[in-house]
C-alpha cells in the first residue's frame, strides 16, 4: 500500500469508519501473522495478540496519533504485546521489558526450487543467520525482509538507533566471513550476468 | 552520489535506500539506481551480488495463517460489539450492533434463590420433567423446564419495564418491541432477575437455569447484558454477552467466560424431552409413570427387560410410544388419556 493511501485509510478509520478499519485488518493480517510467527510457533497466541491489538485500535481510535508508517506502528504494537504474553506465559523472566528472552526464527522449509547457485547462497545465508543471536536476526529480518531503515528498525524494536547500528554491525561482522566467501564464490562461479529484472 | 564510488558489498547492504529498493519497498527508486550504475559501471557486479544476497535471504517461508483470517475477524467484531454500550440507553452508532439478531439464548443458574415478592405476582411452577409454556402479557413466551418457577407481575402496562423472576431453568422468547436501537424506552426493555444476576434484553430468546453453586449463562444468538447485582450498589458490574458466549457467575463475580462451539446444545432439553440411550423398556415406563403421571400396564413382566439399542430422541409421548411399538414389536393400547397397556403383538 502506498504511504498516502495508508494515511487516508488510517484517518478514515480514526473517524470511526468501519470499512477503513476492516481494510486495515485485510491489509495487515498476513504480515502481522508472519512477523509474529518469527517469535513463536504458538498460532493461537499470535491470533490472540492480533485480536487484542485490533480491538484496542478500535476502542482507542479517537485518541490515536497518525504514525508515519502504519505498518511499523502495528509491528511495534504486535511485538510489544506478544512479548508481554510470552513473558507472562513463561513466567521465567523477571527482567525489565527490554531485556526479554526471546527467539527469532526464519524458516526455509517450503521453498521453491532455486537455481543451483541461488540454492547454495541461500544455504549459506540460512546457516550463518540462524547462528546469530535473536535480536541480530530480527534486525536482519526487518532490514532485508521488510526493507526498514535503521531508524524504523529502532522504532519497531523500541531501541535507540545507536543500538540498531551496533547490533547491525555485529550481525554484519558475523556475516562478513560468509559474505567474503560468497563474493569469491559468486566470482568463481561466474555469476550470471546481472539479472535484468533486478536492475532494470 | 560520489559516495558509491567506494562502496563495498557490505556498504551496499548497510545503505538504507539501497536496501529499501532491493526489498521492493521502493520500486520508484529504480531510476536512481540505474543512474548509479550508469555513472559507476564497475559497481554493477557488486550491486547485483548485494541484491542476490538479499533476495536469497528473502526467499524464506511466509506464514500467512489464511485459515484463521475470517474466524479471527469474527472474534474481533464480537469483542468490539461486546465492549460497546449494551442494549440499554447509551448506544453509540455502531454498524455491527445493528446487525445483531434479536434472538439470544442464555443459561443462568443462581446459587440459592431468595425473592422479594411483590404483592401482585403470578407464579407458574412445574413438576419434575414437566415442560410448560407460559405466555406473558406482552406475548413473550417462556418455556419452563421441570421443577422450575417463574414469577411475574400480574399487571403489565405499556411503557413500563417488563420483568420476571426465575427459579430453575427456562427458555425465553422475548417479544421485540424496540424499533430504534438508538432510542430505547423503558417498556421496550425486558429484565430477568436471578439472585446474583440480572439479564437485560430488548427482544430475544434465551435459556435460564439454576445450579447449586454457580450461575451459567450461554448465549446462542443476539446480545444481552448480564448485571451482577451486588448488594452495595456502587460495585455493579455489567457483562455483555454475544452469540456463543458462555459465562459462569458465582458470588456476584464473573468467574469464567469462553466461546462454546455448539451453544444450541444448552437448549436441547426443549425439543428433546425424551432422550434415551440403550434403554430398557422399564426405564421408559418409569419415566412415563414418574414424571408424566401415566398408568402403564404390562401384560408380561419379561417385556420390561426388552432393550432398545441406540438412541431415542423424540419430542412427544405419542412419538415415544410409536417408537416403542415399532422397535419392540409391541401393541400399545390406549385405555384412556394417561393409561396405556403394553402387550406382545
(message) Is it the case, given these coordinates, that residue B:307 is exposed (fewer than 14 other Cβ atoms within 10 Å of the Cβ), modelled with pLDDT of 75 or more and within 30 Å of residue B:226 (Cβ to Cβ)?
(response) no
(request) Working carefully through the options B:4, B:40, find the one that is away from every other protein chain (no Cβ under 11 Å), over 22 Å from residue A:161 (Cα atoms) and at pLDDT 90 or above. (result) B:40
(message) Given (1) in a helix (DSSP H, G or I); (2) within 9 Å of chain B (Cβ to nearest Cβ), identify the lone condition not met by residue A:16.
(response) (1)
(request) Could you grab me the full set of residues in the range A:41-67 that are in a loop (DSSP other than H, G, I, E, B) and more than 14 Å from chain B (Cβ to nearest Cβ)? (result) A:64, A:65, A:66, A:67
(request) Hey, could you check the range B:7-17 for residues that are at the interface with chain A (Cβ under 10 Å from one of its Cβ atoms) and touching a residue at least 24 places away in the same chain (Cβ under 8 Å) and say which is farthest from residue A:143 (Cα to Cα)? (result) B:8
(message) Need the failing condition index for residue A:148 against (1) facing another protein chain (nearest Cβ under 9 Å); (2) without any contact (Cβ under 8 Å) to a residue 60 or more places away in the chain; (3) in contact with a helix residue (DSSP H, G or I) (Cβ under 7 Å, 6 or more places away or on another chain), just the number.
(response) (2)
(message) Looking at the range B:18-32 only, could you name the residues that are touching a helix residue (DSSP H, G or I) at 6+ places or on another chain (Cβ under 6 Å) and facing chain A (nearest Cβ under 7 Å)?
(response) B:19
(message) Could you check the range A:26-40 and list, in sequence order, the residues that are outside any loop (DSSP other than H, G, I, E, B) and buried (at least 18 other Cβ atoms within 10 Å of the Cβ)?
(response) A:28, A:29, A:32, A:33, A:34, A:35, A:36, A:37
(request) Run residue B:79 past the list (1) more than 25 Å from residue A:169 (Cα to Cα); (2) more than 7 Å from chain A (Cβ to nearest Cβ) and report the number of the one that doesn't hold. (result) (2)
(message) Of the conditions (1) within 16 Å of residue A:79 (Cβ to Cβ); (2) modelled with pLDDT of 85 or more; (3) touching a helix residue (DSSP H, G or I) at 6+ places or on another chain (Cβ under 7 Å), residue A:134 satisfies every one except a single condition; which number is it?
(response) (3)
(message) Every residue in the range A:155-181 that is outside any helix (DSSP H, G or I) and surrounded by 15 or more Cβ atoms within 10 Å (Cβ to Cβ), please.
(response) A:159
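The values are calculated or read from the model by the stated rules, or taken from the named source; none is laboratory data. A quick note: this is a predicted structure, and the numbers were derived from the prediction, not measured. Methodologically, a virtual Cβ is constructed for each residue, glycine included, from the backbone with ideal geometry; neighbour enumeration extends over all protein chains shown.
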